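Bear in mind these aren't lab numbers, they're just calculated from the coordinates by the rules spelled out. Note that the structure is a prediction, hence the values are computed from the model and not measured. Neighbour counts run over all protein chains shown; Cβ positions are idealised from the backbone, glycine included.
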Amino acid sequence: MARIQKTFAAPLEVTSYFEGKTLRPAFSWQDVWGEEHAYAFTVAKATEAELLTGFRDSIAEAIRSGKGFDTWKLDIEAELTRQGWWGPRMVADPAGDQPDRMVDFSSTRRLKTIFWSNMNSARAAGQWERAQRSKRALPYILYVRTSSADPRAEHLGWVGIILPVDHPFWRTHWPPNGWGCKCQVRQISAREAAALLGREPTEGGIVYRDSLPDFGPDIEHRNRRTGEVTMVPPGIDPGWQTNPGLARASTLIQNLEAKLAAAPAADATAMLTGLWSDPYLQLAPRLEPKVWLPAGVSRELAEQLGAKSPVVSITGEAIADRIERHKMSIDDFTALPKIIAGSEIAADRKGNEHGRTLYRKIGKIFWRAFVSVSSNGYLRLNSLHQKNAKEVKAEFKRIGRDWPFHD
C-alpha cells in the first residue's frame with residue numbers, strides 16, 4: 001500500500017484558482033487550449049459530467065488538504081471504481097470527428113499526468129498571485145534551475161534570468177513550461193537582484209542577467225482539433241505558453257457577457273458578486289494591460305441610454321487610479337454589483353444625455369456612481385464615491401428629487 005505522508009493545506013489563492021474552474025468535458029487534450037485552462041477544468045476522454053466531476057472534486061480536495069499523488073490515487077481509484085471507470089473502456093468522440101478510442105484511467109502514467117498538470121498549474125497561479133501582491137517589496141523574478149535529472153536545454157538557457165514581475169517574458173515563460181516541467185521561479189528584492197547581477201560568473205556556474213538572449217522566432221502550432229493557430233516560443237510545449245494566474249485574471253470574464261445580459265437581474269447580480277470575490281479578478285487593477293471588468297447589470301440604464309447590453313463595465317486601470325488617488329480599498333469595489341442593480345438613477349443635471357448618476361445606500365454607507373454609454377454603445381462606470389447623508393440630500397435637492405432612502 002502507498003505510504004501516506006503528513007500534508008499541509010494549500011494557500012487560498014491556490015484553492016481559489018482551481019475551485020473557480022467550470023467543467024469542460026473533452027475527448028482530446030487539445031479541445032481545451034492555452035488560456036482556456038485558466039477557467040475550464042478538463043480531462044482528456046472524460047466526456048461524461050459525472051466522471052469529470054469526480055476528477056475535479058478529488059483534485060480539489062487534494063489541493064485543499066495538500067495530498068500527494070499516492071494518496072490522491074487511492075481516492076480517485078475508489079471514485080472511478082464506483083462509477084465503473086477503473087480499467088479500460090471505449091469512449092466515443094461527441095463531435096464525431098474521430099473514431100472511438102480506448103481509455104484506461106487506471107493507468108498510473110495517465111493519472112500522474114492529470115494530477116501533475118492540475119496541481120502545478122494551480123500552484124503556479126497562486127505563486128503569480130502572491131507575486132502581484134508583494135511586488136512593491138519584491139519587484140523581481142529569478143528563473144531557477146529545474147530539479148529534473150534530465151533538463152531541457154532551452155529551459156537551462158533561461159536559468160539566471162532576472163526581470164521585473166510585470167515583464168512580458170513572464171506572460172509566456174512562467175513555469176511549468178511543458179509537460180512534466182519542474183522549473184521554478186523565485187521572487188526577489190531589488191537588493192538581491194543587484195547582488196546577483198553583479199556576480200562574476202564562474203566556470204560551469206549560473207550566469208545571472210537582466211536581458212533576454214535571442215530565442216529565435218516563435219514556432220507556429222496548429223491545433224488539430226480546433227484549427228486554431230498559435231505562435232509558441234521555442235522550448236515551450238504547445239498549450240503551456242501561458243501564465244496560469246495572469247490568464248485567470250485577464251480571461252475570467254470573457255464568457256460572461258452574454259450570460260449576464262440574458263440572466264434575470266437577481267441572478268446576474270449574484271453571479272457578479274461571486275465573481276468579484278475571486279482573488280484573481282481582484283488582481284486586475286495590478287495588471288499592465290487594460291482589462292474590462294463587469295461591474296454590474298442594469299436593464300433600466302441600458303434602456304435609458306440606448307446601450308447594446310445591460311452589463312456595466314469598469315477598467316482595472318480605473319480601479320487602480322481610485323485606489324491610489326482616492327485611498328479606496330479593492331474591497332470597496334466588491335459592492336459594485338449591488339450598487340448598480342439597486343440604485344436610484346438620476347439624469348445628469350448638466351444635460352448630458354449619455355450618462356446617469358446612481359445613488360445607493362448599503363448599510364450606513366451612501367454610494368454615488370456615474371455611468372455613461374460609450375461611442376460603441378456599451379455602459380461604462382466612470383466614477384465611484386462614498387458620500388454622507390447630508391451630501392446626498394443636498395444633491396437630491398439640487399436636482400429636484402424627493403428623498404428616496406429610509407433614514
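Shown here: semi-axes √(5λ) of the Cα gyration tensor in Å, derived from the displayed model; of the candidates (1) 43, 23, 20; (2) 43, 29, 20; (3) 33, 26, 22, it corresponds to (2). Helix 389-398 and the long axis of the chain differ in direction by around 60°, with both axes built from C-alpha atoms. Less than 5 angstrom separates the built amide H of Val297 from those of Val312, Ala341, all sequence-distant by 5 or more or on a different chain.
Return the FRET efficiency for the residue pair Asp70, Val144: r is the Cβ-Cβ distance, R0 is 22 Å, and the value is rounded to the nearest 0.05.
Working: r = 26 Å, r/R0 = 1.18.
The computed FRET efficiency comes out at 0.25.
Here the extension length gained between His326 and Leu12 equals 110.2 nm, from 0.36 nm per residue of separation less the Cα-Cα distance.
What FRET efficiency comes out for the pair Asp214/Ser277, r = Cβ-Cβ distance, R0 = 45 Å, nearest 0.05? Walk me through the intermediate numbers first.
Values: r = 43 Å, r/R0 = 0.97.
So, using R0 = 45 Å, E works out to roughly 0.55.
Region 180-221 and region 40-72 have Cα centres lying 34 Å from one another.
Which of Lys21/Lys73; Lys21/Lys112; Lys308/Lys361; Lys327/Lys393; Lys135/Lys364; Lys338/Lys364 have a Cα-Cα distance over 26 Å? List each step's numbers first, then the result.
On the way: Lys21/Lys73 21 Å; Lys21/Lys112 20 Å; Lys308/Lys361 28 Å; Lys327/Lys393 24 Å; Lys135/Lys364 35 Å; Lys338/Lys364 14 Å.
Table pairs above 26 Å Cα-Cα are Lys308/Lys361; Lys135/Lys364.
For Phe366, the residues whose modelled amide H falls within less than 5 Å of its own, excluding neighbours fewer than 5 places apart on the same chain, are Lys387. Were the residues from Glu344 through Arg222 laid out at 0.36 nm apart, the gain over their Cα-Cα distance would be 38.8 nm. Computing FRET efficiency as 1/(1 + (r/R0)^6) for Asp267 and Asn388, where r is the C-beta to C-beta distance and R0 is 41 Å, gives about 0.80. Computed from backbone phi, the HN-Hα couplings of region 119-127 come to 5, 6, 5, 5, 5, 5, 5, x, 5 Hz, rounded to whole numbers (Karplus: 6.51 cos²θ - 1.76 cosθ + 1.60, θ = phi - 60°; Gly and Pro given as x). Cross-link reach is defined here as a Cα-Cα straight distance under 19 Å, omitting same-chain residues fewer than 8 places apart; for Lys387 the aspartates and glutamates meeting it are Asp321, Glu324, Asp331, Asp332, Glu344, Asp348, Glu395, Asp402, Asp407. A simple spin-label model places the labels of Lys182 and Ala49 4.0 nm from each other, with each point 7 Å out along Cα-to-Cβ. Relative to the current alpha-carbon distance between Arg199 and Glu303, full extension at 0.36 nm per residue lengthens the span by 31.1 nm.
Charge tally around Leu51: other residues with Cβ under 14 Å, Lys/Arg +1 each, Asp/Glu -1 each, net 0.
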